[in-house]
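Below is one structure, written out as structure tokens, with a few remarks after it.
The values are calculated or read from the model by the stated rules, or taken from the named source; none is laboratory data. Everything quoted here is computed from the prediction, not taken from an experiment. Note: ideal-geometry Cβ built from the backbone for every residue, glycine included; neighbour counts use all protein chains shown.
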Amino acid sequence: MENPFSFSGIVDDPAFCNREKEQAELTRLIKTSQNVLLYSHRRFGKTSLILKVFKQIRGVTPVYIDLYGTTGIPDFIRAALTGISAAEPKIKRLMQLVRETITGFSVNFSLDPVTGLPAAVPQLAPDRKTIPVEQVFRLAEAVSAKKKMAIAFDEFQEVARYGGEPFEKQLRACIQQHENIAYVFAGSQKHLITDMFNNAKRAFFRQAASFPLEKIAPEAYVEWIANLYRRDNRTIDNALIVQVVRRCDGHPACIQEFFHHLWDEKTVSVALIDQLERRIIRRRMAEFAYAWDSLTLNQRRALKLIVFTGGKSLYAVDHLAAFGFRTPSQATAAVDKLIEREFVVKNGVYQLQDPIFKRWLELSQNIGQP
Ligand SMILES: Nc1ncnc2c1ncn2[C@@H]1O[C@H](COP(=O)(O)OP(=O)(O)OP(=O)(O)O)[C@@H](O)[C@H]1O
Ligand SMILES: [Mg+2]
């Protein structure tokens, strides 16, 4: 059997583990035309989950729009039109619908060389000030006809960075008009995306049901991985699977990276996992050193404090003193900055976003748990 594990990009079977409940729940929300705010730590599987659900859903036209890398409204329009036009496989009909709905800017057509699907390409100058974004949504409605549609905006927090509150308001007005379309807003920069939907002063306040994507349970990893080994006529000790899941703090991409390498070994042992962990850390050493150098002294102290305490009781007086903080507010400010810079996430406890960076820190700085 070919190596089933993949730690870059979107995953599907056989590299997709479980998420049964999440698939069912997301499908249910879409079918009942609810808008959803899907968020998680980085690389937890949002995009893979959306595309998995989109592949299986029946009676709904799925539209996936990736906003990664977009820096302004013209980019948004381009990404949205590409996504929507891929939902209409007949180019003639697409051209007709574009003619009927889009009058505020001109559109060219092309065929995607990979998928063979038609793509509507807007002709917009980057500095253009006003763009009738509602026309794009009108096209979506026309493409879906009487059928339900689900539109996923991946990396939706990018919209907040375009810098214009009026645009967010305009977008909200568009999404509120469509009873037949369910929107999935996905993103990983929790502070940015949740603020868009939870802050009463923002346009998207309460516009979507919150759907935090949590870790996959260790038992689900055991079942999935043990089964892959069985299919390859091999066995693996369940305890070793749990051991890798623990080292990775349940981070799916990290677990896949370990098993991608372990798969090629005849037998797996704790010694081998140790060795592999060192290899993975070594490979990323320059990146970690660069990240470490970019931190202020107090941010470094705060990172060590989080690793040492396991993210709990951070502000206990003796913990603060042990890491050189004179006042709790010094530590709070540093932790807040680390969250903003995405080194740290708060999920009940404080955690480092990248489990391998955490291991590097533990090993290189000799930080043990109390
Ligand atoms: N259901 C899953 N089972 C096993 N591994 C998964 C699963 N979902 C995601 N992964 C792992 O996580 C990695 C990232 O997945 P994906 O790109 O879907 O996450 P994301 O949350 O959209 O990431 P980003 O924050 O970069 O947008 C995949 O390459 C894969 O290694
Ligand atoms: Mg993603």
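Check Glu155, Glu141 and return the single one that is within 19 Å of Val98 (Cα to Cα) and touching a strand residue (DSSP E or B) at 6+ places or on another chain (Cβ under 8 Å). Testing whether each residue is within 19 Å of Val98 (Cα to Cα) and touching a strand residue (DSSP E or B) at 6+ places or on another chain (Cβ under 8 Å) leaves just Glu141.
State which residue is nearest to the chain's Cα centre (by Cα) when the search covers only the stretch 148-201 and only residues that are touching a residue at least 40 places away in the same chain (Cβ under 8 Å) and within 13 Å of Ile73 (Cα to Cα).
Among them, the one singled out is Phe156.
For (1) farther than 21 Å from Glu141 by Cα; (2) crowded, with 18+ Cβ neighbours inside 10 Å; (3) in contact with a Phe, Trp or Tyr (Cβ under 6 Å, 6 or more places away or on another chain); (4) at pLDDT 95 or above, each residue gets a yes or a no:
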position	(1), (2), (3), (4)
Glu25	yes, no, no, yes
Gly45	yes, yes, no, yes
Ile57	no, no, no, yes
Val63	no, yes, no, yes
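Which residue, of Ile84, Ile10, is within 16 Å of ligand 2 (Cβ to nearest atom) and touching a residue at least 12 places away in the same chain (Cβ under 8 Å)? After applying the criteria, what remains is Ile10.
Taking the stretch 229-254, which residues are part of a loop (DSSP other than H, G, I, E, B), of a type outside the set (A, V, I, L, M) and more than 27 Å from Leu213 (Cα to Cα)? Once the filter is applied, which keeps residues that are part of a loop (DSSP other than H, G, I, E, B), of a type outside the set (A, V, I, L, M) and more than 27 Å from Leu213 (Cα to Cα), the stretch 229-254 yields Asp232, Asn233, Arg234, Thr235, Asp237. Which residues, taken from the stretch 127-164, are touching a Lys or Arg at 6+ places or on another chain (Cβ under 8 Å), acidic (Asp, Glu) and more than 16 Å from ligand 1 (Cβ to nearest atom)? Selection gives nothing. With the structure loaded, tell me whether Phe16 is within 16 Å of the chain's Cα centre (by Cα) and either on the phi < 0 side of the Ramachandran plot or at pLDDT 95 or above (or both) or whether it fails that test. Against the criterion (within 16 Å of the chain's Cα centre (by Cα) and either on the phi < 0 side of the Ramachandran plot or at pLDDT 95 or above (or both)), Phe16 qualifies.
For (1) closer than 21 Å to Cys254 by Cβ; (2) in contact with a strand residue (DSSP E or B) (Cβ under 6 Å, 6 or more places away or on another chain), each residue gets a yes or a no:
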position	(1), (2)
Ala316	no, no
Gln330	no, no
Glu340	no, no
Gln353	yes, yes
Ile356	yes, no
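Take Val114 and tell me if it is hydrophobic (A, V, I, L, M, F, W, C), more than 16 Å from ligand 2 (Cβ to nearest atom) and either at pLDDT below 95 or not assigned by TED's automatic domain parsing to the domain that holds Lys146 (or both). Taking the combined requirement at face value, the residue satisfies it.
Every listed requirement among (1) touching a residue at least 24 places away in the same chain (Cβ under 8 Å); (2) in a loop (DSSP other than H, G, I, E, B) is met by Glu257 save one, (2).
Taking the criterion of being modelled with pLDDT of 90 or more, assigned to a helix (DSSP H, G or I), touching a Phe, Trp or Tyr at 6+ places or on another chain (Cβ under 8 Å) and closer than 23 Å to Leu213 by Cα, would at least one residue in the stretch 342-349 satisfy it? Within the stretch 342-349, none of the residues are modelled with pLDDT of 90 or more, assigned to a helix (DSSP H, G or I), touching a Phe, Trp or Tyr at 6+ places or on another chain (Cβ under 8 Å) and closer than 23 Å to Leu213 by Cα. Of all residue pairs spaced 6 or more apart or on separate chains, those with beta-carbon atoms under 7 Å, a first member in the stretch 31-51 that is more than 19 Å from Gly348 (Cβ to Cβ) and a second member that is near ligand 2 (Cβ under 10 Å from one of its atoms) and basic (Lys, Arg) are Leu38/Lys46. Selection of the stretch 296-333 for residues being outside any helix (DSSP H, G or I), under 30 Å from the mean Cα position of the chain (by Cα) and touching a residue at least 24 places away in the same chain (Cβ under 8 Å) yields Thr296, Gly310, Gly311, Lys312, Leu314. Only one entry of Pro212, Pro218 meets the criterion of being touching a Ser or Thr at 6+ places or on another chain (Cβ under 8 Å) and surrounded by fewer than 19 Cβ atoms within 10 Å (Cβ to Cβ), and that entry is Pro212.
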